[in-house]
Amino acid sequence: MSSKLSAVKGMNDLLPEQAELWELVEAKVSEVFRQYGYRPIRTPIVETTPVFVRAIGEVTDIVEKEMYSFNDALNGEALTLRPENTAAVVRAAIEHNLLYDGPRRLWYFGPMFRHERPQKGRYRQFHQFGVEAFGMAGPDIDAEVIQIGALLWQELGLTPFITLQINNIGSAADRQGYAKALTAFLEQHVDQLDTDARNRMHSNPMRVLDSKNPEMQALLASAPLLTDFVSDESKAHYAALQALLAAAGIAFEENPRLVRGLDYYNNCVFEWVTQELGAQGTVCGGGRYDGLVEQLGGKPTLAAGFAMGIERLVLMLESLSLIPASALQVVDIYVLVVGEGVVAEGLALARSLRTAFPDLGIIGHCGGGKYNSQLKRAYASGARLAVILEQDADTSATPNTVKLRRLDDSGQSETTDIDSVVAKVGEFLSISA
RNA sequence: GUGACUGUAGCUCAGCUGGUAGAGCCCCGGACUGUGACUCCGGUUGUCGCGGGUUCGAACCCCGUCAGUCACCCCA
């Protein structure tokens, strides 16, 4: 015996029950995207490494330590399993000239990969839905993508458990000016900084603001504010977005410490967060990324979008017991085939029932076995009705009757002519064929 | 990458501060009754995560290692 094989750390199998729930969530989410006129796009799981390095930023955590990067064994090309999909969608949009004939609204779904230590709500292979809207200045499009999120939570019953946080992080130039001022402030107080803050002070000073150390937060209370470095134009955009959200009845809270982990964001950024998931509370995050297209070699194109993690949504649905009954696949009818001489007839009978009742789940018994054991399988399947085709034990003749049996406590059964079995099944299940 | 906790049957878990493997549920085969059954018999429930060490003797104590979970960091 060889040693047991197992899935890669942080990469999960979805067993049937969970996979069915995912299918339901996927259907609801893609339906909402479709309602808003967003069109699907599918890009490869692997991109050349520069796609992500140029888009996400050299000094981000994702690029520095979380990417699954490798060299193609055949030609040495530097490749990376996508850690997020905005960069790849932008690459594809540029490559196929999608941005030269007006606005584009796109959505995607698929697996992403980050080499992190797994914990609740965080996995090395995880799955994101996302939307990207190109060529619109906003803030109306900003409000639209936020509204899409709000509608999704409503559709999934999660609205009471998710709140919207927004922030204005200004332009890249604004942030550079601010980072300079912030670094100067930190240098002045370097003796009071913890190790973490000192390490980040020069590489990514704005990350220091995220510190959960109370002493750091106390010190940062007197630090310069990003708001003071943001242009008036950006402030006006931000104010207009808030007005649109209010008009749409979407509640939000401003979080001045909300700084997204990818360099390409600018101006309005947002996160949908929850208390239900432990430490990983962000269910959906996004914002504007007006400079990204140009940065990746396209003509300057405004853009906004978000990404949401389906694992976290499903975890919420599970922990809040909000899984719709319709998520689980049901078996309605189990066809017993007793006797080897009626196997062909059994297959045909099950087939004709499926044709007559296309919405029902119908299992035809396979593998033989005695009446008792087949009936036991029928009960175990969860079916409501057993359709029993039984070969005559004495004559071995093909039967011209079929027995129907309710698989409930009543055990009510009835024998019917094989030609009228469809009508009879409809009666038993109170539906018409 | 760092830390804490947890690894005993397919599942849920016992195992009294070292003395020879346990319960419940499930699963399989057979007998019986034609209709999930009941009852009876029988079966697998196991390298006690893995490897060392201490000991006459380790599921239990010590060291190492692996895995899982949660948290830090960061994010979806």
The number of residues in the range A:59-85 that are over 14 Å from residue A:46 (Cα atoms) and in contact with a Leu (Cβ under 8 Å, 6 or more places away or on another chain) is 2
Can you tell me which residue within the range A:49-76, out of those that are touching a strand residue (DSSP E or B) at 6+ places or on another chain (Cβ under 6 Å) and under 24 Å from residue A:293 (Cβ atoms), is farthest from RNA strand B (Cβ to nearest atom)? A:49
Screening A:158, A:186 for residues that are assigned by TED's automatic domain parsing to the domain that holds residue A:29 and either of a type in the set (Asp, Glu) or in contact with a helix residue (DSSP H, G or I) (Cβ under 7 Å, 6 or more places away or on another chain) (or both) leaves only A:158
Specify which of the listed residues (A:131, A:90) is surrounded by 21 or more Cβ atoms within 10 Å (Cβ to Cβ), closer than 29 Å to residue A:19 by Cβ and in the same structural domain as residue A:296 (by TED's automatic domain parsing). A:131
So which of A:429, A:407 ends up being in contact (Cβ under 8 Å) with a residue 60 or more places away in the chain, within 16 Å of RNA strand B (Cβ to nearest atom) and farther than 26 Å from residue A:22 by Cβ? A:407
Could you check the range A:166-197 and list, in sequence order, the residues that are assigned to a helix (DSSP H, G or I), hydroxyl-bearing (Ser, Thr, Tyr) and surrounded by 13 or more Cβ atoms within 10 Å (Cβ to Cβ)? A:178, A:183
Among the residues of the range A:1-43, write down those that are more than 16 Å from RNA strand B (Cβ to nearest atom) and hydroxyl-bearing (Ser, Thr, Tyr). A:30, A:36, A:38, A:43
Listed by first then second residue, the pairs whose first member lies in the range A:164-192 and is on the phi > 0 side of the Ramachandran plot and at pLDDT 85 or above, whose partner is in a helix (DSSP H, G or I) and of a type in the set (Val, Ile, Thr), with beta carbons under 9 Å and at least 6 positions apart or on separate chains, are A:170/A:227
Would you tally the residues in the range A:381-401 being more than 23 Å from residue A:431 (Cα to Cα) and of a type outside the set (Ser, Thr, Tyr)? 8
Specify which of the listed residues (A:282, A:301) is over 22 Å from residue A:227 (Cβ atoms) and without any contact (Cβ under 8 Å) to a residue 40 or more places away in the chain. A:282
Candidates A:61, A:72, filtered to the one that is acidic (Asp, Glu), surrounded by fewer than 19 Cβ atoms within 10 Å (Cβ to Cβ) and without any contact (Cβ under 8 Å) to a residue 40 or more places away in the chain: A:72
Any chance the range A:288-302 includes a residue that's of a type in the set (Lys, Arg), buried (at least 21 other Cβ atoms within 10 Å of the Cβ) and within 14 Å of RNA strand B (Cβ to nearest atom)? yes
Hey, residue A:10 in the same structural domain as residue A:300 (by TED's automatic domain parsing) and modelled with pLDDT under 95 or not: no
The range A:198-224: number of residues that are away from RNA strand B (no atom under 13 Å from the Cβ), of a type in the set (A, V, I, L, M) and either loosely packed, with under 12 Cβ neighbours inside 10 Å or within 23 Å of residue A:64 (Cα to Cα) (or both): 2
Just to check your reading of the model, which residue among A:341, A:367 is farther than 19 Å from residue A:416 by Cβ and without any contact (Cβ under 8 Å) to a residue 24 or more places away in the chain? A:367
Select from the range A:17-52 the residues that are part of a loop (DSSP other than H, G, I, E, B) and of a type in the set (Phe, Trp, Tyr) and write down the one among them that is farthest from residue A:305 (Cα to Cα). A:36
Regarding the range A:305-321, can at least one residue be identified that is within 30 Å of residue A:406 (Cβ to Cβ) and surrounded by fewer than 21 Cβ atoms within 10 Å (Cβ to Cβ)? yes
Would the range A:358-380 turn up any residue that is within 30 Å of residue A:98 (Cβ to Cβ), surrounded by 15 or more Cβ atoms within 10 Å (Cβ to Cβ) and aliphatic (A, V, I, L, M)? no
Let me spell it out: the conditions are (1) free of Cβ contacts under 8 Å to residues at least 60 places away in the same chain; (2) surrounded by fewer than 12 Cβ atoms within 10 Å (Cβ to Cβ); (3) assigned to a loop (DSSP other than H, G, I, E, B), and residue A:14 meets all of them except one. Which number is the exception? (2)
Do we find a residue being surrounded by fewer than 16 Cβ atoms within 10 Å (Cβ to Cβ), aliphatic (A, V, I, L, M) and at pLDDT below 95 anywhere in the range A:41-58? no
Quickly run through the range A:100-124 and pick out the residues that are part of a loop (DSSP other than H, G, I, E, B), more than 6 Å from RNA strand B (Cβ to nearest atom) and hydroxyl-bearing (Ser, Thr, Tyr). A:100
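The values are calculated or read from the model by the stated rules, or taken from the named source; none is laboratory data. Quick caveat, the model's predicted, so the values are computed rather than measured. Ideal geometry is used to build each Cβ from the backbone, glycine not excepted, and the neighbour counts take in all protein chains shown.
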